[in-house]
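Have a look at the structure below, then the notes.
Just so you know, all these numbers are worked out from the coordinates, no wet-lab data involved. From a predicted model like this one, the values you see are computed outputs, not experimental measurements. Quick reminder, even Gly has a Cβ in these numbers, built from the backbone with ideal geometry, and neighbours come from all protein chains shown.
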Amino acid sequence: MPALCRDCDHAAAAAFAACPACGSRRAVAHPELFALAVAHVDCDAFYASVEKRDRPDLLTKPVIVGGGRRGVVAAACYVARTRGVKSAMPMFKALAACPDAVVIKPDMQKYVAVARHVRALMEALTPLVQPLSIDEAALDLSGTAALHKAPPAVVLARFARQVEREAGITVSIGLARNRLLAKLAAERDKPRGFAVLGSEAAEWLADKPVGLLPGIGPAFAKKLQAAGFTRLGQLAALDPREAARRFGEDGPALAARARGEDSRRVSPDRETKSISAETTFDTDLRSVEELERPLWRLCEKLSRRLKEKELAAGGVVLKLKTAGFETRSRHARLARPTRLPETLFRAVQPLLAKEATGSAFRLIGIGAQPLAPGDAADLPDLADPDAARRAAKWQAVDALRARFGAEAVVSGRGLPRKGPGSA
Amino acid sequence: MKFSVDRAVLLKALAHVQSVVERRNTIPILANVLLEAREGGLKLTATDMEIAVVEEVPGVTVTRQGRTTAPAATLYEIVRKLPETAKLELDHPGGDAQLTLRAGRFDAKLAVLPVDDFPSMTEGKLPHKFALPAGPLRELIDRTRFAISTEETRYYLNGIYLHATEAGGAKVLRAVATDGHRLARVEEPLPEGASGMPGVIIPRKTVNELRKLAEEVQDEIAVALSDTKIRFTLGPVQLTSKLIDGTFPEYERVIPRGNDKVLKVAKKDFAEAVGRVAGISSERSRPVKLSVDRNHLLLSAASPELGQAQEELDGDTVSYESSPLEIGFQARYLNDITDQIVEQVEFRFADGSAPTIVTDSAKPEALYVLMPMRV
């Protein structure tokens, strides 16, 4: 079985425990090691690692990057993680689990600079780099062996060392034949890992819980379990027709993914999948009326973001987080794609009315999902005689804002209420 | 309850009523049909809480009066599979006992549910009453129902808007439906008694059930309605339905007035050409491009994967005198409209991106508005 030393690039035809060239035990071995070319690279505990790099005194301490009294954990170092701290956990819960943690306010500028550096190193390996988030990317190294005079596995091992040397953080790498398997591989060996998933992938996936598959969140996993699907092998065994019958039009694709199949290409032009905006309140809000004001502002923000990306909303998602940190979301499809704040607001309003029945909420958000091309937005509508006038109004507002600034035109319903009897 | 009846008679009546019963029901009693054997004969009732169909069945020999409810779909399937000339006997001793159905050597026992659980739909007062011949009623439905929206958020579009109005100095009963992409507006002379009626939105399912029942009817259909309910009486069958509680859009404002570019084209040639040309595109919303020039029409469609197709229609079938124009429509929307047109389709365009009016040259009482697509 081909093997590679990750510290000195020593390659061998047979696996070894300690590298014969340098003695390192950081080896990776797999039958297809030198044949696979799609990689997933994930920076380990990214923000926390950057902070530890800059403050060596914190190296062995639990570090949490996150903000504010009402904030959440943006990143937790591996020391903190052993104590039960997780990403996106509310800060007070994280501190309850790990009272001696060093909490650092996020310094996004610093992280963006490091991320740019890492991305530049990736782009030196292949033009096919698809950033998936600030600290994650998919790379397709097919056809680069002649250029680098080395197979992708060796190039990636060198890259990992280069990132450690130059950026001062560690990465985990997954190598496979497609993006899905590469991501799953990267998650298998963390931190500072290098894992390979080859033709054994389908077999490996078969006995894993359904929730392992990206795209199957806790809610969907619960649904699947209720329908008797607990292992990915059960989904993988469904023929396309049966899959479609059980899970609708996305069913066959779900079954294919459960088999480890993925036809997505690594594309450097990152496709936007959803656009959203959310806000956390200083104090919890309850009533529909109170919640509608921030919601309106978010609709305007979402509208602006859609316009910037030349996209439209084919549906809207309302997200609410209760004071007890329970996230609730509701979705409504739009009959016609839009990016007008008013139409977004009207679509999301009934969703809010259904949810805001007395609970206290700490956060509200709105997202556009699915996305539609921008030129399909707000076309004339025979069932809505006012549609054309509304579109013209917002065009005029946009023109004014472009000329005199965003605050030139402000909608009253987004403003805090003033007047007798209210603070 | 005990009665005997010819298989054909019961089958026909069951076919009418069981059709409103939803196939998937969370409330068990709604899967059942109410059977009432009385002195005058048998009465069947089925409902989904929105619509109720009641039918008086003739030619039934009642030997013991009584009432019960039985699963509509099962009963219908059994009766359907019995021999054509079979004579049936239905017997229910009362209470929770099963309903026995005998026909020759066939014998079935069906579970029943208590009559008291069966929901009754209260009609309330239906102050507006008029009669509509079956033919015009079918026309009103056929020419509008394809445009009914299935969009749930705009529930007030999920039906046909029926109202009394004036057109060209004459009083008319008008039906309108739209899904935002197309709009259909059809008129019939206003029947006596309908002038004071409120505008009502009749739900899609009611429209479809009514259309099925109207197929067999030759005579007049009696209509009675209020703000919230409508009742159609078709001989022995009575269909009562709730109405959609909503406001139909002010559709007159979206019907263009100044469209002056008139294209006339033979329906058969046009519809067939649209079908052929659209065949090239695999997408569900197939755009077909109409390139119109003096007495000449070029239909074309293209799909990035499959290729492109076109067909020319000229002077024999096309008449057009205005400036050249290019405009695209969804093939299905074009066909839905041409299906309702007998001989000649008349398009009235403003330009390539504005709503277009389509009519049947011979039938000005029906008008369609179609939104173009970008091509």
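Quick notes
- Qualifying trypsin sites (Lys or Arg not before Pro) for the range B:84-184 [loop in DSSP, other Cβ within 10 Å: at most 12]: B:R105, B:K125
- Residue-averaged beta-carbon neighbours from other chains (10 angstrom radius) around A:382-392: 5
- Per-residue ellipticity at 222 nm, computed for chain B from helices alone with -39500 (n - 2.57) per DSSP H run of at least four residues, works out to -5000 deg cm²/dmol.
- Only lysines eight or more places from A:K301 in sequence, or on another chain, were considered; those with a Cα closer than 29 Å are A:K105, A:K110, A:K273, A:K309, A:K319, A:K321, A:K354, A:K393, A:K418.
- Of the DSSP H helices in chain A, those whose Cα atoms cover at least 15 Å axially and whose Kyte score averages -0.5 or more: A:108-123, A:152-166, A:341-355, A:387-404
- For the range B:261-370, the Cβ-based charge dipole about the Cα centre amounts to some 220 debye (Lys, Arg positive; Asp, Glu negative; other atoms uncharged).
- Length-normalised contact order of the range A:275-414 in % [C-alpha pairs under 8 Å, at least 6 apart]: 34
- FRET efficiency for B:H296 and B:K363, using Cβ-Cβ distance with R0 set to 30 Å, rounded to 0.05: 0.70
- Largest GNM mean-square fluctuation among B:E188, B:E343, B:E252, using chain B with Cα springs under 10 Å: B:E252.
- Per-residue mean of foreign Cβ neighbours for B:178-186 is 3 (Cβ atoms of other chains, 10 Å radius).
- Efficiency of FRET from Cβ geometry, A:A226 and A:Q109, R₀ 51 Å, rounded to 0.05: 0.65
- Taken over the range A:32-199, the alpha-carbon convex hull comes to 106 cubic angstrom per residue.
- Residues in the range A:276-292 that a label on A:A332 would reach, taking backbone N under 14 Å of a point 7 Å out along Cα→Cβ: A:292
- Sequence of A:C77, A:C19 once ranked by neighbouring C-beta atoms within 10 Å, starting from the fewest: A:C19, A:C77
- Most fluctuating residue given options A:A17, A:A219, A:A353, as computed from a GNM of chain A linking Cα atoms under 10 Å: A:A219
- For the range B:181-257 and the range A:298-347, distance of Cα centres in Å: 36
- Dividing the mean sequence gap of close Cα pairs (under 8 Å, 6+ apart) by how many residues chain A holds gives a relative contact order of 12 percent.
- Convex hull volume per residue, computed on the Cα atoms of the range B:261-370, equals 89 Å³.
- What you get for the range A:275-414, charging only the Cβ of Lys and Arg (+1) and of Asp and Glu (-1), is a dipole of about 120 debye around the Cα centre.
- Scattering from the protein assembly as shown was approximated by placing one identical point on each alpha carbon and applying the Debye formula without solvent; log10 I(q)/I(0) at 0.04, 0.06, 0.08 1/Å stands at -0.27, -0.60, -0.97.
- Relative contact order of the range B:273-358, defined on C-alpha pairs under 8 angstrom at six or more residues apart (%): 28
- In chain A, helices alone account for a calculated mean residue ellipticity at 222 nm of -11000 deg cm²/dmol, with every DSSP H run of four or more residues adding -39,500 (n - 2.57).
- Take the Cα radius of gyration of the range A:275-414 and divide it by 2.2 N^0.38 Å, N being the number of residues; the result is 1.04.
- Cα centroid of the range A:232-256 to Cα centroid of the range B:349-375, whole Å: 43
- Assigned charges on the beta-carbon of Lys, Arg, Asp, Glu; chain B dipole about Cα centre (debye): 800
- Gaussian network model of chain A, springs between alpha carbon atoms under 10 Å - residue of A:G233, A:G324, A:G198 with greatest fluctuation: A:G324
- Of B:Q238, A:V316, B:P58, farthest towards positive along the dipole that unit charges on Lys, Arg, Asp, Glu beta carbons give the protein assembly as shown: A:V316
- Here the convex hull built on the C-alpha positions of the range B:128-253 has a volume of 99 cubic angstrom per residue.
- In terms of surrounding Cβ atoms within a 10 Å radius of their Cβ, B:M197, B:M49, A:M91 rank from fewest to most as B:M49, A:M91, B:M197.
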